[in-house]
Amino acid sequence: MRNKNRHQVESIFHAALALGGSERISFLTEKCSGDSALLSEVESLLSAFESGSGFLEDPAFDLGMNLLAEESEQDLTGEKIGFYEIKEKLGGGGMGDVYLAEDTRLNRRVALKFLKKTFTGDKWAKRQFMKEAQAAAMLEHPNICAVHSIEEVGGHNFIAMQYIEGKTLAQVVAEKRLPLETALSVAHQIVSAVAVAHSHGIIHRDIKPGNIMITSEGLVKVLDFGLAKVVEQQQKRADENISQFSQNGLIFGTVAYMSPEQLRGERLDYRSDIFSVGIVFREMLEGKNPFRRSSQAETIAAILSDELPAETENGIPDTVDATVRKCLNKSKDKRFDSAAELQLEIENLRDGVTVASASNSVARIYRYAAFILLFVLALGAALFLYLRSGKIPRLAVLPIANESRQTDKDYISEGLTASLIEKFSHLSGLKVIAQPIVSQYKSQPVDPRSVGAELDVDVLLLGKIIQKESGLALQVDLLSAADGTALFTKEYAVDEARLIEIHQNLASQIIAELTPSLSEDEKKRLEKRQTNDPEAYALYLTGRYWWNRRDDPKNMEKAIDFFTKATEADPAYALAWAGLADSYALSNTSSFERVMTATDAARNAKAAAKEAIKIDSNLAPPHVSLGIIKSRYDWDWLGAENDFKKSISLDPEYAPAYFWYSRLLALTGRYDEALAYADKARELEPFSVTSQLNKAHIYFYSRNFDLAEPLYTDVFSRNPGSAKVQNDLAWLYLQTDRTKEAIAIFEKIRRGDYGLAGLGYAYARSGRSNDARRIIGELDRVSKEKPVSAQEKAIVYIGLNEIDTAFEHLTRACNERYAALPQLLAHDPLTDPLRTDARFAELLRCVNLLPN
Amino acid sequence: MQPTSEITELLIDWSNGDKEALDRLFPLIEKELHRLAHYFVRNAHPDNTLQTTALINETYIKLVDQNRVQWQNRAHFFAISARIMRRILLQYARRGRRQKRGGGARKVLLTEAALVLAKRSDDLILLDDALKNFEKLHERKSRVVEMRYFGGLSVEETAAVLKVSEITVMRDWKFAKAWLARQIGNAK
């Protein structure tokens, strides 16, 4: 029966393949009538066929031959050639192998590039090679790898050059795409090198990330100037000699960075290098070569005829995008005329970016922070003028959009939005609604009447930061939802000199304006600042910005750094201490890069929280910090609950209190309350990814997977780059029998030990127990470098159904007081298979979730 | 005996139905592949990604006495190379994966082919596993994949080795791609 069936599947498959759309559907329905197994078999094959475009298209034979060739190359390590002692093979390429060597005359380390016999074999070739290599050796520039000498010793021909310690740009980009400023800096250095070479009449011809080194100081060195030409000439001669080769249309080389004219075999000029630089530039910004396809033929076709996608990703500013596009014009006449011109253009771009760059300069942060403080006060004034008219409005603070195209200004727009919400939400008689749907109202015209109706508010606050010729500016409108009229419209230049002036004049006016309509308490609150040091304030805001993005473990480090600096700038800044306490409190998370032991994390966090409370005992945040510490490290659930309640009573508008309380409620099985608190936190803290995820978690832990999924996917769609979000989604997939999808995610997001336990568990569950064991080995290895909780291995053992070993490791996790253990034990579906075991009750007692 | 005439003899024997000839051909051709790879790739080009299926054609012409064999024997020669290459690639892929996994302090060399392999090794291993399963159900179709993918044979050459029509090879190829894509998709 199987055989007959197989035949049937095949013939239906082929016939259906020839049909499209509705025809195919009706054909399949007819042919498979009633046989749903047959239908699904054919359909799955068709869909695999159609989604597998490019699959198996590129024969692997060539790859194998290349590997064989590389392997069979003689290794010169250890040999002494002339004055050079060969130390280590650094790499190999078609041109020849590169070794690290010691120059015994000058006692310096050099890189030796040995050239294959073809390039030096006969007199003609040798003359050509010497000519070109010597011309290149004349080039002196900080961004060009210096050639010391061209030598011939004992039958070896090699170039001795500067040894550069660093990575190739290819390696750097393979790790991650570069931030705009870095990409501009690297591009500028490459172009500087190319411009110098061009001015000496040398075209590089082989600019590609593999030929560009970056030292640990960020200095760029371009390698192999002029050598590509020798190789090309040599190749042409070889082609003439072996006619079959050219008939076969062999295409040599890494084509992915070649200009269209180069691929067509035309005569090249300097503008060919400009095209290649354009590709490298774009690859740095986007993380991938825009023309690279799965096969060489497709790549060539793409370079010759594909236009770049109109949309830029990753927030590349238009000006930068335009420059890259100009480099990548198919027609060389439409590119930059010279590298020097491109160099100038990149300098302009860098000015545009760095002038307003804030992230790396405290002085600049200061500027914006002072501005935010001022702006909140000014807007308060406007709002109260409106309030005095007698009506009690509901106000929606729409997220202030950063339209300056400088993504490193996001913290200003966010900080501003957060400050406004925070200030206004404390005013009685005013209902503030923070709209969490960031993207919905961002960067598009808003009709105040319809949005007002939708959000059920009377007043809308809209703001955006824009780039003007004179610098950054903030535009603000306070709009009446009833008729769309502006109650307040103002544009502020975000300008340091003017700020101080405005600050002094306006602040006193505003206070005077507000006095009659505010209670003493409210007035105090509005005026109150936790710090008078704008630098500390800016550092704190930046800390919170990263803290809100703690789903990426790297950002937690930044949060700690900024909070620490804020406490250094103003040691009496209680909020900064609280931020620091919060950050330390989470430092015992396995995914955290500078992971701390539970003891260290708890000790640091407690010290910071106590410092904050000592400064101001009526401040809500440090109480939340304490609650976090008690729930994560002391497993003192009652104590933590009291801290959260205390915080809420001190400040009912402080979002994290609700967030953490919500988690505690879920952990102790009070899911309905947990959901309500999660909503409240989310409303107050719309930007926090973890806050967005919280509700999905609660559904997940209460086994409402179908309710959790749309929430996860929603958060994912808004934070597609977040590994944490994908990690959580993968766990959901595991609970809903989508192991394959889960594995794909874990494999993608794993970094160090992050995602590793999940991957191991998923492997185990899909029957790949060898792979799962391999993961256990990897966890062991990582644990030699940093603390890794026994819980991680326990998770894999649960997947492998090795219950005894799992319990052993969970007990260890409890002894190390691993912060995430209670969550796993309390309600993670993962531990369901263990729950009936007597040892499980023992564990629950260990984390204080069962009475002793 | 010179490798040329030995390979020629064995090829003729094999196409005449001598199964043992194949066993003796394998090591000979493997050795030739190594030699060739070294010679051509090292001496041909700077950038070391060259399309070597053309090289094997050259090799055949050099290694096998054209006057004594029919043109189909070239395809047979290719088919054997494909099988050998499959094995070689798998060895590399497994080794690459071990290195990736085991870490080892030894610096991994940054050749372009090694970089390409690093990206493809998991896929190669998955494909090989899938192909083994496929082989049990569809022997001929799996040979088509081996020759086309691992050997770079054209449809015409594949048809000649398998003694079927080109249309059959195309059909086999399409079905095999669908089946393998599905299998690999499931395994991932």
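Here, each number is a calculation from the coordinates, and none is a lab measurement. In this text, all values refer to a predicted model and were calculated from it rather than measured experimentally. Heads up, the Cβs are rebuilt from the backbone with ideal geometry, glycines too, and the neighbour counts pull from every protein chain shown.
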Which residues qualify? For residue A:83, with a placed amide H closer than 5 Å and at least 5 residues away or on another chain, they are none
Tensor-based shape of region A:747-813 (alpha-carbon gyration tensor, a/c under 1.5 rounded, otherwise prolate or oblate): oblate
Per-residue counts of other Cβ atoms within 10 Å, averaged by peptide: what ranking do you get for B:177-185, A:830-838, highest first? B:177-185, A:830-838
Charge dipole (debye, nearest 20) of region A:561-707; +1 at Cβ of Lys and Arg, -1 at Cβ of Asp and Glu: 320
Multiply the residue gap between residue A:449 and residue A:805 by 0.36 nm, knock off their C-alpha separation, and tell me the result in nm, one decimal place. 121.9 nm
Kindly write out, for region A:326-339 in residue order, the coupling ³J(HN,Hα) from the Karplus curve 6.51 cos²θ - 1.76 cosθ + 1.60 (θ = phi - 60°), rounded to whole Hz, with x marking Gly and Pro. 5, 4, 8, 4, 4, 8, 5, 5, 9, 7, 5, 5, 8, 5
Taking every residue in B:83-89, how many Cβ atoms of other protein chains lie within 10 Å of its Cβ, on average? 4
Between residue A:264 and residue B:133, with labels modelled 7 Å along Cα→Cβ, what's the label distance in nm to one decimal, could you check? 4.8
Potential extension, residue A:216-residue A:310 segment - 0.36 nm per residue separation minus Cα distance: 30.4 nm
Per residue of A:48-55, what is the mean number of Cβ atoms on other protein chains within 10 angstrom of that residue's Cβ? 5
Check which residues have an amide H placed less than 5 Å from residue A:149's amide H, if you skip close sequence neighbours. A:160
Along the positive direction of the dipole of region A:656-712 (beta-carbon charges: Lys, Arg +1; Asp, Glu -1; about the Cα centre), which of A:677, A:664, A:710 reaches farthest? A:664
Checking the a/c ratio against 1.5 first, then a/b against b/c, what shape does the Cα gyration tensor give for region A:661-710? oblate
Would you please give the residues with an amide H less than 5 Å from that of residue A:144, counting only those at least 5 places away or on a separate chain, with H modeled from the backbone geometry? A:222
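Could you compute the FRET efficiency for residue A:770 and residue A:832, with r as their C-beta to C-beta distance and R0 at 30 Å, rounded to 0.05?
0.75
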Enumerate the calculated ³J(HN,Hα) couplings along region A:812-820 in order (Karplus 6.51 cos²θ - 1.76 cosθ + 1.60, θ = phi - 60°), each rounded to whole Hz, writing x wherever the residue is Gly or Pro. 4, 4, 5, 5, 7, 6, 5, 5, 8
Just tell me how shielded B:148-158 is by partners: mean number of partner chain Cβ atoms within 10 Å of each residue's Cβ, no decimals. 3
Residue by residue, what Karplus-based ³J(HN,Hα) values in Hz, rounded to whole numbers, does region A:185-191 have, using 6.51, -1.76 and 1.60 with θ = phi - 60° and x for Gly and Pro? 5, 5, 4, 4, 5, 4, 5
Exposure proxy check: A:184, A:56 ranked by fewest other beta carbons within 10 Å? A:56, A:184
